[in-house]
1. Just to verify a number: FRET efficiency for residue A:95 and residue B:386, C-beta to C-beta distance, R0 = 60 Å, to 0.05?
2. Tell me: how much accessible area in total is hidden between A and B, 1.4 Å probe, Å², nearest 100?
3. How high is the relative contact order of the stretch B:278-338, in percent, counting Cα pairs under 8 Å that sit 6 or more residues apart?
4. Select from A:298, A:282, A:258 the residue whose mean-square fluctuation is largest in a Gaussian network model of chain A (Cα-Cα springs shorter than 10 Å).
5. Helix B:130-154 versus the longest principal axis of chain B: what angle, 0 to 90°, nearest 10, using Cα atoms?
6. Per residue, how large is the accessible surface of chain A? Use a 1.4 angstrom probe and give square angstrom.
7. Once you have the Cα-Cα distance between residue B:400 and residue B:82, take 0.36 nm times their residue separation minus that, and quote the gain in nm to one decimal.
8. Can you classify the stretch B:167-245 as rounded, prolate or oblate using the Cα gyration tensor, where a ≥ b ≥ c are the square roots of its eigenvalues, rounded means a/c under 1.5, and otherwise it's prolate if a/b beats b/c and oblate if not?
2 protein chains.
Amino acid sequence: MTPDERSREKYASTALLTDKYELTMLAAALRDGTAHRQTTFEIFARRLPEGRRYGIVAGTGRFLDTLPHFRFDDADLSLLADFLDTETLAYLADYRFAGDVDGYGEGELYFPGSPVLSVSGTFAECVLLETLALSMFNHDSAIASAAARMVSAAEGRPLIEMGSRRTHEMSAVAAARAAYIAGFSGSSNLEAQRRYGVPALGTSAHAFTLLHTSADGPDERAAFQAQVDALGVGTTLLVDTYDITAGVANAVAIAGSELGAVRIDSGDLGVLARQVRTQLDELGAPNTRIVVTSDLDEFAIASLRAEPVDSYGVGTSLVTGSGAPTAGMVYKLVEVDGVPVAKRSSHKESHGGRKQAHRLAKSTGTIVEEIVHLADRPPAESAGLVATALAHPLVRGGQTVTDDDLKSARKRVTAGLHSLPWDGLKLSRGEPAIPTRMVDATRQA
Amino acid sequence: MTPDERSREKYASTALLTDKYELTMLAAALRDGTAHRQTTFEIFARRLPEGRRYGIVAGTGRFLDTLPHFRFDDADLSLLADFLDTETLAYLADYRFAGDVDGYGEGELYFPGSPVLSVSGTFAECVLLETLALSMFNHDSAIASAAARMVSAAEGRPLIEMGSRRTHEMSAVAAARAAYIAGFSGSSNLEAQRRYGVPALGTSAHAFTLLHTSADGPDERAAFQAQVDALGVGTTLLVDTYDITAGVANAVAIAGSELGAVRIDSGDLGVLARQVRTQLDELGAPNTRIVVTSDLDEFAIASLRAEPVDSYGVGTSLVTGSGAPTAGMVYKLVEVDGVPVAKRSSHKESHGGRKQAHRLAKSTGTIVEEIVHLADRPPAESAGLVATALAHPLVRGGQTVTDDDLKSARKRVTAGLHSLPWDGLKLSRGEPAIPTRMVDATRQA
């Protein structure tokens, strides 16, 4: 299979992952001729999830992978024929996005109002992408934003994503990807390895130990022996099925002092990690690592900083965005044939006009402000501050023009976290780490 | 395409939607011969999301649809060859689930400890299904449980699911299905209509009104005219892009008194609904309905009960489970070759042995208690109470033996909500509506 075929396989039938109203709007706009007006839509978040100090952009790569395959096949069209006229169906049969897309690099920090994606083309070609683009950015950014807080809290200790079972089976794959972008070491999810090369990790569950039960009762040693026979002494043995102290003793008795790691999945993880570390050292297994799992979130991870924990497995809180399962981004029409447009409505002000953003930093690299300005009006230089443009060309005339990959995105997260003022890394609730200033943007109020 | 081909298309490559450790456990168990032991795994929730009084089982139908297609193809096997031995790969090449599945009907109420799904077969065939089954039940049940609270709060007024853009693009399809099971009238999502027959709904967004802007300024009437020309006067016009009073006047001026509905998407919805109702009546459009949308959840829906609202559109809070985005269900090994097994660990007690459940109700139909008991030991009859068995055969020898469908599931939700004691329908935080009693279950502590 060529890369292109593999990509097509992954994204079959994306065109119907769409809200019906995009198609009824298209039909009405084709009928009165407005469908062909030149437009720009922007994706941004009006605010960060409550108390969060930054967000991490994710979903960009998935969106770009999908875009060339957002086509309506005969089966799609026959469903749509129930409510669409012939002209609209003919338009859809030939549809492919031929416009331009600009956006923040995947993994970049974002703040309230940051124009993380800008889509330009005719109204017809842009309006159809609303639901799919938002689904990807809202889900993936929510996960990456939560994951980055966990990475920051772990202070260099490796994190493993293992929440597939707590979310929709396809969200799970995207969540593994988003966590990897944010700095996780790998994921339990095999499909994430197949699609995105995210390292797949994992060894065994309590079921495997329980399986080694006979009429005579449980036999933890038999389970450990079977695992070591199959996976080698470098494996991770789960030691808390019955009694942790006995479990650790059994683990070292079976695997020897070269045992890779033990996993603890219940109880007071800090206390247990200390006990187990002492026990392992006394058993002559000082290199055996300790992996903890069990309802961890960024706060629990931070609280374990002083403990002899070697790595963390994170499930539920990762895939649910640790309290913020969606990034709340919107896709708004901001310009029609060069005229800025914006809805007027209480609490939902939008800023008309196609925008770009620069981020200002001190010479030390610490960021101080984000400036969002009309696309053709860059801000004046600020004395002593370095201004970096945040948007990059992603698509031109329907063709992807970036070769950004997960490795670049991971670097961007690392750099972004490093650039935050110290307050920005606090886990407690607070304001965005830097203010966003809207400059020259036409506000239709 | 035959239904079977369509089904296969929908569920391509599900076998890798799996955690790696299921396959390493399989390898170890094949090696020591325990892989072929007869086992039962059960899915249950240790508790309901905080303060919830009931849960709704969903995901069953999707799981049964997927099961026959959970197969490892050559591409899957070549990925797995990186870490699996020849014997394991050979087993996977021939894999298909040939065991039995029993479970609660989709749409049934569940409570803490309810054994909503029971999977029996060899360890090898059952262990591989853990991640996929849990992903489906945890996601879909979380959505259906939140949706049922909204349906209950709406007291008969129609609800439309429109949250696709706030969640992963494939979760969106499953969320639309789960909301429909819980009693929603339809969804904005087209793929949910294609796959599941969920009625797709929707007409237009603010972008369509804004599109009708020229150098002379906005032209709301032109937008309404275009929409009415394309979709007829029965359509729903979005009236809050600029000024709601002017918007309503424009809507009736263009569409006439037979206008289907107006939609309000911002502001104080109760106040606005009253104003708009008065205005519509005065304009001679008493049959034009009022649809409200804008960050609604079950509490906002309940607070609008006294207002002249005809239907609700619900987005973010629906697809995120209204504060509980996952149902927290687990998949636990409870029996090996007839011997009950259970992990011993603080706060994570499981009850060993294969279980069934009966629900007790008064003669009026109001439920009073759920009894979970070992499969071969039904509880004694309770005087004056009616006991209903909750589990049904779903799969026998790998073949689906139920013809349950979305219609049955919808009926089950309606009946379930009707059977709750009055306290159970309260939206406020509280205890589960009925207690769960574990009878005769072997508790290994």
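The values are calculated or read from the model by the stated rules, or taken from the named source; none is laboratory data. None of the values given here were measured: they were computed from a predicted structure. A quick note on method: Cβ atoms are made from the backbone with ideal geometry, for glycine too, and the neighbour counts reach across all protein chains shown. Quick note on the areas: whole protein, heavy atoms, side chains included, nothing else; ligands and nucleic acids left out. Shrake-Rupley method; radii C 1.70, N 1.55, O 1.52, S 1.80 Å.
1. Numbers: r = 57 Å, r/R0 = 0.95.
That gives a FRET efficiency of 0.60.
2. What A and B bury together is about 7900 Å².
3. Once normalised by length, the contact order is 29 percent.
4. A:282
5. 40 degrees
6. On the way: 16010 Å² over 445 residues.
About 36 Å² of surface per residue is accessible.
7. Working: separation 318, 0.36 × 318 = 114.48 nm, distance 3.35 nm.
Working it through step by step, the gained length comes to 111.1 nm.
8. On the way: a/c = 2.79, a/b = 2.32, b/c = 1.20.
Judged from the Cα gyration tensor, the stretch B:167-245 comes out prolate (a/c at least 1.5, a/b above b/c).
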